[in-house]
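A short worksheet on the structure shown next.
Just so it is clear, none of the values below were taken in a lab; they were calculated from the coordinates. Everything quoted here is computed from the prediction, not taken from an experiment. So basically every Cβ, Gly included, is an ideal-geometry build from the backbone, and we count neighbours across all protein chains shown.
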């Protein structure tokens, strides 16, 4: 996702918060059935090098988990936290999987 309106639409969607990131997810309003994901990494977390590294780590985790656990027609927004930079890859995978399970519990919201 790249458009601001898509990120804003998911602000009121079902959210899962953990120490590594916060994830929101909801059904897409359009008829498109693709899985879409957006990342938010603010300047509070560090300079461009740090922010890009966090985004790369989150993209790698989502590429591994979303094909299995993601639902078609859903949009997801991941808001990174500083701890995602130093976290173990296995911890990122576990938290991402838990976040998806939590968001999919009640599919009607969002």
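Before moving on, here are some points about what is shown:
- Put a dot 7 Å past the Cα of residue 27, heading toward its Cβ, do the same for residue 90, and the two dots end up 3.8 nm apart.
- Fluctuation leader among 22, 13, 48 - the chain, Gaussian network, Cα springs under 10 angstrom: 48
- Label-to-label distance, nm, for residues given as residue 68 and residue 97 (7 Å Cα→Cβ offset): 0.5 nm
- Under the simplified labelling scheme, the residue 83-residue 1 pair shows an inter-label distance of 2.3 nm, with each label point 7 Å from Cα along Cα→Cβ.
- Highest GNM mean-square fluctuation among 46, 25, 38, for the chain modelled with Cα contacts below 10 Å: 46.
- Region 4-105 shape via C-alpha gyration tensor axes, a/c threshold 1.5: prolate
- Look at 68, 28 and count the other Cβ atoms within 10 Å of each Cβ; fewest to most, that gives 68, 28.
- Of 43, 98, 15, the residue with the greatest mean-square motion in the GNM of the chain, using alpha carbon springs below 10 Å, is 43.
- Each Cα pair under 8 Å and six or more residues apart adds its sequence gap; the mean of these over the residue count of the chain is a relative contact order of 41 percent.
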